[in-house]
Structure formats: C-alpha cells, structure tokens
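The values are calculated or read from the model by the stated rules, or taken from the named source; none is laboratory data. Keep in mind that this is a model prediction, so the values were computed, not measured. In this analysis, Cβ positions are derived from the backbone assuming ideal geometry, glycine residues included, and neighbour counts consider all displayed protein chains. Each accessible area value is taken on the protein alone, full model and side chains, heavy atoms only, with ligands, DNA and RNA left out. Shrake-Rupley method; radii C 1.70, N 1.55, O 1.52, S 1.80 Å.
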Amino acid sequence: LDEHARAAGAEFTLVVIPYALQYVAPDDPLVRELDQQLQALIDMGKDLGFPVLDGKAAFADVVARDGVAHYFIQDDWHFTLAGHRFMAEWLAPLFARASPEPPVPLQERSPRDLATSPALTPPQGDQAPLGAEGLEVQGPE
C-alpha cells in the first residue's frame, strides 16, 4: 500500500484503531494476542519506513477520564459518536498537513460531489472491485 500511495503522490499512514476490550480487560488472553498482532503492524511500519499512528495510546487518557462506554458501544468494538469525534480530532492535524487547501465540509458536498471525488472514484477496468460497475449517484445535481 505504501508503494501505491507514493506512486500516486500520497503518503501512506497506518492508523491502528483501538477496541474497548483493550481497556476493559487488558490481561485477557485474546486481548494479549490481538495486541501482539497490532504491535507487529506498528513494528512493520517502523521497519518499512511508513508512519503508524497508535490509536490505543491516543485514547488511553480520555478513556481513563471518561470511561470506556463514553467512546465505545457496549459489547461492540465500534466507536460511539464521542469516539468518532475524538478519533477525527486526533487525526485532523495529519490531514491538515497533507492537504494544501482546507477540505470542504462534508455537509456542504452534494452526493454527486462525493461520488466523483478522485479519492472516492472506484478503479476502472481490471482494477474495478466486484460490484463497482454500474455505480450510480442518487440525489440532486
């Protein structure tokens, strides 16, 4: 992925997303195994020279302060609204450095703008993922 990103003039960055169980039961054997796998990804990034952002470390203080349930849906690994907000605010400086112009807020974009964005346009031909053919945009022009 790093090579593809560089070829397109972009920088690949791996973001390691935390999950609630890491904070609730850090000594659980499953958590230890998954943490080892995530650490392997972090080490790989260091070895190959691409940035890796560790979301577990980023969330540690706020989860300790506000509780796991504030940032993660109960019995699920998905974020709550507050969890998504924190992740977005944590990542925002990365995107601010990478973008020469401030992004247009999502709510100000039309469905057609979103579907035709170069970042969201699916590859064509042999590179197209299954189901990408016949993609149509619904909504106002």
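Full extension of the chain between TRP77 and VAL16 yields a length gain of 20.6 nm, computed as 0.36 nm times the residue separation minus the alpha carbon distance. Spin-label model, LEU1 to LEU41: label points 7 Å out along the Cα-to-beta-carbon direction sit 0.7 nm apart.
Note that region 23-30 has calculated 3J(HN,Hα) couplings of 9, 7, 9, x, 9, 4, x, 5 Hz, one per residue in order, obtained from phi through the Karplus relation 6.51 cos²θ - 1.76 cosθ + 1.60 (θ = phi - 60°); glycine and proline are x. Taking all protein chains together and rolling a 1.4 Å probe, LEU38 ends up with roughly 40 Å² accessible.
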